[in-house]
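A short worksheet on the structure shown next.
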Amino acid sequence: MPDTHPTPTAPGGGLVPAPLSIDGPGRGTVRLGADTALAAGPGTEDTARWLRDTLGAAFGLPLPPGSGKTPDTLDLAVDPALPPEGYRLAADARWGVRITGGGPAGVFWGAQTLRQLLGPHAFRRAPLAPGRAAVLPEQTIEDAPRFAWRGMLLDVARHFLPKDGVLRALDLLAAHKLNVLHLHLTDDQGWRIEIRRYPKLTEVGAWRERTKLGHRASPLWDERPHGGYYTQDDLREIVAYAAQRHITVVPEIDIPGHSQAAIAAYPELGNTDVIDTTSLKVWDTWGVNPNVLAPTDTTLRFYEHVLDEVLGLFLSPFVHIGGDECPKDQWRASATAQARIAELSLADEDALQSWFIRHFDRWLADRGRRLIGWDEILEGGLAPGAAVSSWRGYAGGIAAAKSGHDVVMCPEQQVYLDHRQHASPDEPVPIGFVRTLEDVYRFEPVPPELTAEQAAHVLGTQANVWTEVMDSQQRLDYQVFPRLAAFAEVAWSRLPAPAARDYQDFTRRMAAHYTRLDALGVGYRPPGGPLPWQKRPGVLGRPIDGAPPNV
């Protein structure tokens, strides 16, 4: 006999992130069943397709097209009177469920809320019991995000994540109403994007001979070659998949530091008058690498050609160029670099880096895109249209906002998810600061030092997932979750000041959310600490507080 019991749902749905307002839940219930029609108004087609793929699969619902004028209907519509990413979800036994968004993205975020309201079964890929009803209480939810940029950086350069893992990450971002995937595609340890004009970037730069296990001071090595890259068709698929979920993929191509993989492939990109660049290989350890790009016309043209292909693959208005951790020792020793400084009448090597960044800022602006880089790009002056990812604390973001630059707040002390979650030695490869679930929940992206006008330059916030010590999907899951759920609430919800936030209410809602993560197969860190198979005994980390991890 079919199971007609309602699916388990926490009071108020246990929603994460928390919505602006919930009217209800009422006494009645709304059931989505075999006769439920899906009425998709203009602009809601992607959400309708997503609902059929997810809720349809989870509950065995056909969700045929409908008119929206019958009681048993799931109705999707756009109403420009709402904020662009805002939505209203109304569930009433008399007419079913209506999701109205200020734009297509708002409708999609409303559908994510509907999925949460239907309980953990809605996160399965097939029905647990044929005929099980999809049930939610009568209620009305009004919601809209605080920030336009709600992101996560995924570092696929240090440890490559196959394409399916990236698609899975996009689904997990969407489930938490995050809308930016910052894809860190190049670094000293690997080049992960196919550039057809320069095939050696992937033939040589996409793999390394071995890999340091743990912190760079660890004596352990994984002697297996490590590598991989995304073809251009892979990246088109990733971008299209993200766009269907109203997520923007921001590519990062690192310059002028973090570039040894590129120099290993094309030695002429390095400072050839200082070192023998033909001897360089893709780097197999961690830290700040001294081998940086030469400030030559050859290098400029090379990266213009690279970025030409990048722009053809990514829809994002922003292109991230890194700009961080660029040691200047080789430039100080290089006659070529010093001649460039003299030719341009620059003050010093910091100004040379600024010239490098400004060149690509103009180049991108001429093509209708915007440059964004780590806060080191402020050193030596910054082009007016450039934006800043503030990672070395708040200071860079504050300086940028006060200077009229847009900012994404991602300070390592608060939202670097590679950092350990507890002081216990059981934490796997413990790196950096202890940042608990509650610490992340109390993160505030807008510094109080900013005026209202300056704060308007804070586009939003981003959690960064650096993968030096994350060599598998299991390790990624453990480090990212559940803290990404807390971060998502910070990025989406209009929370009070950090000290006034109701962390106990959040943990009550997380009790429901853990069941969703379980249904999705996410190997999160349990509240009580790592499970036996999540530990990594004997792999050295750097468990410090009060100083940067610098792995």
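Computed from the coordinates by the stated procedures, all read-outs in this text should not be read as laboratory data. Note that the structure is predicted; figures quoted are calculated from it, not measured. Glycine gets a Cβ as well: all are built from the backbone with ideal geometry, and neighbour counts include every protein chain shown.
Cα gyration tensor of region 203-296, axes a ≥ b ≥ c as square roots of the eigenvalues: rounded (a/c below 1.5), prolate (a/b > b/c) or oblate?
oblate
Stretching the chain fully between Ala243 and Leu344 yields a gain of 32.2 nm (0.36 nm per residue, less the alpha carbon separation). Note on region 426-539: the alpha carbon radius of gyration divided by the globular reference 2.2 N^0.38 Å gives 1.19. Protection proxy ranking of 253-259, 374-380, 468-474, by the mean of other Cβ atoms within 10 Å over each peptide's residues and highest first, is 253-259, 374-380, 468-474.
Whole-Hz Karplus values for region 394-403 come out as 8, 4, x, x, 5, 4, 5, 4, 5, 8 Hz, taken residue by residue from phi with 6.51 cos²θ - 1.76 cosθ + 1.60 and θ = phi - 60°; glycine and proline positions read x. Identify, among Val16, Ala37, Ala105, the residue whose Cα sits farthest towards the positive end of the charge dipole of region 11-143, taking +1 on the Cβ of Lys and Arg and -1 on the Cβ of Asp and Glu, with the dipole about the Cα centre. The Cα lying farthest towards the positive end belongs to Ala37. Legend: distances between Cα atoms for Lys281/Lys535; Lys212/Lys281; Lys163/Lys200; pairs beyond 24 Å are Lys281/Lys535. Distance from the alpha carbon centroid of region 274-312 to that of region 494-509 works out to 45 angstrom. Around the Cα centre of the chain, unit charges on the Cβ atoms of Lys, Arg, Asp and Glu (plus for the first two, minus for the last two) sum to a dipole of about 1460 debye. Given an 8 Å cut-off on Cα distances and at least 6 residues of separation, report the relative contact order of the chain as a percent. Result for the chain is 15 percent. Length gained on full extension, Asp297 to Ala93: 66.7 nm, using 0.36 nm per residue less the C-alpha separation. Amide hydrogen proximity for Ile193: with H placed 1.01 Å from N in the peptide plane, the residues at 5 or more positions away or on another chain lying under 5 Å are Tyr230.
Compared with the dominant Cα axis of the chain, that is its longest principal axis, helix 503-520 is turned about 90°. Backbone amide hydrogens, once placed in the peptide plane, bring Asp254 within less than 5 Å of Thr186, excluding anything fewer than 5 places away on its chain. Modelled spin-label separation between Glu268 and Thr29, with each label point placed 7 Å from Cα along the Cα-to-Cβ direction: 7.1 nm.
With the gyration tensor restricted to C-alpha atoms of region 345-431, the semi-axes of the equivalent ellipsoid amount to 31, 14, 12 Å, longest first.
Give me the percent of Cα-Cα pairs in region 11-143 that sit more than 19 Å apart, rounded to a whole number. Considering region 11-143, 44 percent of its Cα-Cα pairs are separated by more than 19 Å. Stretched out straight at 0.36 nm per residue, the stretch from Glu209 to Leu311 would grow longer than its current Cα-Cα span by 33.7 nm.
What order do you get for 495-502, 157-164 when each peptide is scored by the mean count of other beta carbon atoms within 10 Å, highest first? Walk me through the intermediate numbers first.
On the way: 495-502: 12.4, 157-164: 18.8.
Top of the packing list down: 157-164, 495-502.
For region 427-439, 3J(HN,Hα) computed residue by residue from phi via the Karplus equation (6.51, -1.76, 1.60; θ = phi - 60°) reads 4, x, 6, x, 10, x, 6, 7, 9, 7, 4, 5, 4 Hz, glycine and proline entered as x. Pairs of Cα atoms nearer than 8 Å and 6+ residues apart set the relative contact order; for region 11-143 it is 35 percent.
Sequence-ordered 3J(HN,Hα) estimates for region 90-107 from the Karplus curve with 6.51, -1.76 and 1.60 and θ = phi - 60° stand at 10, 10, 9, 4, 6, 9, x, 10, 10, 10, 10, x, x, x, x, 5, x, 4 Hz, glycine and proline given as x. Take 527-539, 100-112 and order them by the average number of nearby Cβ atoms within 10 Å per residue, most first; the result is 100-112, 527-539.
Sequence-distant contacts, meaning Cα pairs under 8 Å at least 6 residues apart, place the relative contact order of region 407-494 at 41 percent. Dividing the radius of gyration of the alpha carbons in region 291-424 by their Kirkwood radius gives 1.01 for Rg/Rh. Using the Cα gyration tensor of region 108-163, with a ≥ b ≥ c the square roots of its eigenvalues, what is the shape: rounded (a/c below 1.5), prolate (a/b larger than b/c) or oblate (neither)? Judged from the Cα gyration tensor, region 108-163 comes out oblate (a/c at least 1.5, b/c at or above a/b). Summarising the amide proton neighbourhood of Thr248: residues at separation of 5 or more, or on other chains, whose placed amide H is nearer than 5 Å comprise Val180, Leu181.
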